[in-house]
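Student: Shown below is the structure under consideration.
The values are calculated or read from the model by the stated rules, or taken from the named source; none is laboratory data. Keep in mind it's a predicted model, so treat the numbers as computed, not measured. As a convention, Cβ positions derive from the backbone with ideal geometry for all residues, glycine included, and neighbour counts pool all protein chains shown.
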Amino acid sequence: MNKVDLSVNIGGLKLKNPVILASGTVGYGNEIAEFTDLNKLGGIVTKSLSLKPRKGNPPQRIVETPSGMLNAIGLANVGVEAFIKDKIPFLKNLDTTLICNIAASSVEEYVECVHILNDEETIKAFEINVSCPNVKEGGLEFGNDLNAVGRITEKVRNATKKPVIIKLSPNVSRISDFAKVVKENGGNAVSAINTLVGTSFDIYTRKPKIKNVTGGLSGPAIKPVALAKILEIKRNTDIPIIGIGGIMIWKDAVEMMIVGASAFQIGTVNFINPNAGLEILNGLNSFCIENSIKNISDITGSFQI
């Protein structure tokens, strides 16, 4: 059997393979560990962490939609101190790369979270979720403001020597402009894309099905959008990309790598099939063997237009 090099390097972050479990879909790892072997995966991204614990939004906060789901969890999490005390002991025993997702309501909170978590050797990189409301600037999402994304990237970059990945919002006119700003301010990579804004109404009560009215749309319904956004970034800047959005099977993952992703995250599929990560990994390996691809990184950005 031919040996395929499945390892990837994303802006200095080395993974044994490109399969990463997405933030918010597997809790803090222990919730999914009994259903799949996390040690065989390239990485896992923690549920978003904020400085203090957050309860999140009131229910109903998840609604199934055609080919996807809407969620308005509201970044519910245990906070950084409880994470270090209660979650790190389990995670440090895993043979996979841990990426810590940070959510905040001010630039200062992003930096403080990174400062607190920086000394944890188990954490190999930070994924910064900029799809959060900026409470100091009237509630507009950081991710919709070029200057804010640049400022967050610069401040977090100065707070750690570990790789910094900025998770970009697709709800902008030109996502490549945001990727350029991340690169200019020292970011190592971008994750693309976060969820699309969506809503759903009950036709009889005429009320929104989600208490928060709107939520983030994820799942296979958003894959074509994710592919187009990743391609746009790849064609306009050379920052490494971690692709996210609607991957259900290995063929989706290959497609995402072809348009520019160096690695990818799987999210919604984890709720349907907790073992999807390993199945996708096996599919990728077989695809490479059948097509005489020795290094999986050779697929990245190999599109023909």
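Student: Residues K87, K162, K180: which one is of a type in the set (D, E, K, R), in contact with a strand residue (DSSP E or B) (Cβ under 6 Å, 6 or more places away or on another chain) and at negative phi?
Tutor: One residue alone meets the criteria, K162.
Student: Listed residues N171, N158; which is polar (S, T, N, Q) and either closer than 13 Å to I193 by Cβ or surrounded by 20 or more Cβ atoms within 10 Å (Cβ to Cβ) (or both)?
Tutor: N171
Student: Now, a different point. Of these, F126, F178, F201, which one is of a type in the set (A, V, I, L, M, F, W, C), more than 19 Å from T46 (Cα to Cα) and buried (at least 18 other Cβ atoms within 10 Å of the Cβ)?
Tutor: F178
Student: Name the pairs: first residue in segment 71-92 and free of Cβ contacts under 8 Å to residues at least 60 places away in the same chain and of a type in the set (S, T, N, Q), second residue surrounded by 20 or more Cβ atoms within 10 Å (Cβ to Cβ) and part of a helix (DSSP H, G or I), Cβ to Cβ under 9 Å, at least 6 apart or on different chains?
Tutor: Correct list of pairs: N77/F83.
Student: Which is surrounded by fewer than 17 Cβ atoms within 10 Å (Cβ to Cβ) and touching a residue at least 24 places away in the same chain (Cβ under 8 Å), of G186, G150, G143?
Tutor: Only one candidate qualifies: G186.
Student: Hey, which of the helices (runs of 4 or more DSSP H) in segment 241-298, taking only ones fully inside, have at least 3 residues that are surrounded by fewer than 18 Cβ atoms within 10 Å (Cβ to Cβ) and either aromatic (F, W, Y) or at pLDDT 95 or above (or both)?
Tutor: The helices (runs of 4 or more DSSP H) meeting that bar are 276-290.
Student: Something else: Look through E112, E127, E154 and report the one residue that is of a type outside the set (G, A, S), part of a strand (DSSP E or B) and modelled with pLDDT of 95 or more.
Tutor: E127 is the lone residue from the list that is of a type outside the set (G, A, S), part of a strand (DSSP E or B) and modelled with pLDDT of 95 or more.
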